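The values are calculated or read from the model by the stated rules, or taken from the named source; none is laboratory data. Since the structure is predicted, the reported quantities are computational estimates derived from the model, not experimental observations. As a convention, Cβ positions derive from the backbone with ideal geometry for all residues, glycine included, and neighbour counts pool all protein chains shown.
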Amino acid sequence: MIISIFYKQLITTLSLACMLFTALEAHPNARKRRAKKAISRKIIPKQHHQLVAMLPKERSDTQQLTQSVPEIENASVPVQKEYSVSQGKTLHLKIAAPKSLKQAYTTFAGTQYTFAAIPHHNNRYECFIPVDCDQEPGQYKVVVRTQDEKLEEKSIGCRVTVDAFPFKPQRGFKISKKKLQSIRRSGIGNSSYGQVIREYQKNSPPYKLWEGAFELPIKVERITSPFGEVRTSHGFGKRKHYGIDLAQHHKAPIHAANHGVMVHKTHSKTAGNMVVLDHGLGVFTIYCHMNSFDNRVKIGDRVLKGQRIGFLGQTGYASGPHLHLELRIKDAKNLKTTAVDFMEWTKQIY
Ligand SMILES: [Zn+2]
């Protein structure tokens, strides 16, 4: 009897102990202890036991580091990898850099052009490349070379497709022998007004003076000769018209196409009364055949978009009252300017 009671109490005590042990082992802390023990036994040598708790933290830090510094952020990238542009138009390249650049430049059709910082856009740079009317159509690989403040150099590339533009031949374009002789003596042809601005190229500010789209300088009745029109003459052979001819009545006011500085105001035999405005970043507008200048604006003066600079006429080589207007962009080495279609700059905001 006594032995039976003793066995019953022993079984009850053992059952209670088992229940207590099970409850303790089910506790989350107990599971963690077991997991730690397992890691210690299988993966981590004894002397590194104290690092076990740090492992997950280290791993997550490494992942974050990898995510926050992807490979692409170490180099500049073109904002677009593919560009398409027509003959006689402006190729506008943009790059995004990981940090401030000391300089960036590229070479297109054997001519070097520099990038300038885009205002209000951190570490973004842009470049305006004039694509000549006679540029061979096709695909070009353009390499942009960058140099950061620590003089570390990198290159990036993009693809540019130049499309052929159907420039039309001009009908009935004739130059009299007398006019031809006069043009030859003056040493300047209609297509080479760019020579005039050669001396101003190097002083063009390395930032934009212009703002927004360019505006036509006169109220246009009609464009008598579009950009790139092909002219054939005995004196000059086949050549393109590197500006646009805008017709209006005699003495109609002519306004600045955009903000800039008046760098040239003179009379020549072919261009007649001629004004050149520098809009910064090597972008120039040229106004020819003026009847007279607005004498309130002098060379070196800042002019505002829409400000009057002269009056329409037919001075120099002109068969009727019109304004010959050109937009030219210079290269990086100040060796030349290339004319592009002005009308594109009235539609596109650069
Ligand atoms: Zn013209």
Margin query: Quick check on this structure: which one of 294, 245, 278 is under 19 Å from residue 215 (Cβ atoms), among the charged types (D, E, K, R) and touching a helix residue (DSSP H, G or I) at 6+ places or on another chain (Cβ under 9 Å)?
Written below: 278
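Only one residue in 238, 208, 202, 219 is more than 14 Å from the ligand (Cβ to nearest atom) and over 24 Å from residue 278 (Cα atoms). Which one?
Just a single option satisfies the conditions, and that option is 238.
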Item checked: Residue satisfying all of: in the range 108-130; in a loop (DSSP other than H, G, I, E, B) and of a type in the set (Gly, Ala, Ser); surrounded by the fewest Cβ atoms within 10 Å (Cβ to Cβ) among these -> 110
Notebook entry, point to check: Can you list the strands (runs of 3 or more DSSP E) found entirely within the range 242-339 that contain at least 1 residues being at pLDDT below 95 and in contact with a Pro (Cβ under 8 Å, 6 or more places away or on another chain)?
Noted result: 244-247
Note to self: Among (1) outside any strand (DSSP E or B); (2) out of contact with any Cys (no Cβ under 8 Å at 6 or more places or on another chain); (3) modelled with pLDDT under 95, there is one condition residue 135 misses while meeting the rest; what is its number?
What the structure shows: (3)
Check: Which one of these does residue 308 not meet: (1) touching a His at 6+ places or on another chain (Cβ under 7 Å); (2) within 16 Å of the ligand (Cβ to nearest atom)?
Finding: (2)
Note to self: Based on this model, can you work out whether residue 285 counts as in contact with a strand residue (DSSP E or B) (Cβ under 8 Å, 6 or more places away or on another chain) and surrounded by fewer than 17 Cβ atoms within 10 Å (Cβ to Cβ)?
What the structure shows: no
Check: Given the conditions (1) within 20 Å of residue 282 (Cα to Cα); (2) at pLDDT below 95, and given that residue 205 satisfies all but one, which numbered condition is not satisfied?
Finding: (2)
Notebook entry, point to check: Can you tell me how many residues in the range 312-328 are surrounded by fewer than 20 Cβ atoms within 10 Å (Cβ to Cβ) and among the hydrophobic types (A, V, I, L, M, F, W, C)?
Noted result: 1
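In the range 221-239, how many residues are surrounded by 14 or more Cβ atoms within 10 Å (Cβ to Cβ) and either of a type in the set (Gly, Ala, Ser) or at pLDDT 85 or above (or both)?
The number of residues fulfilling the criteria is 10.
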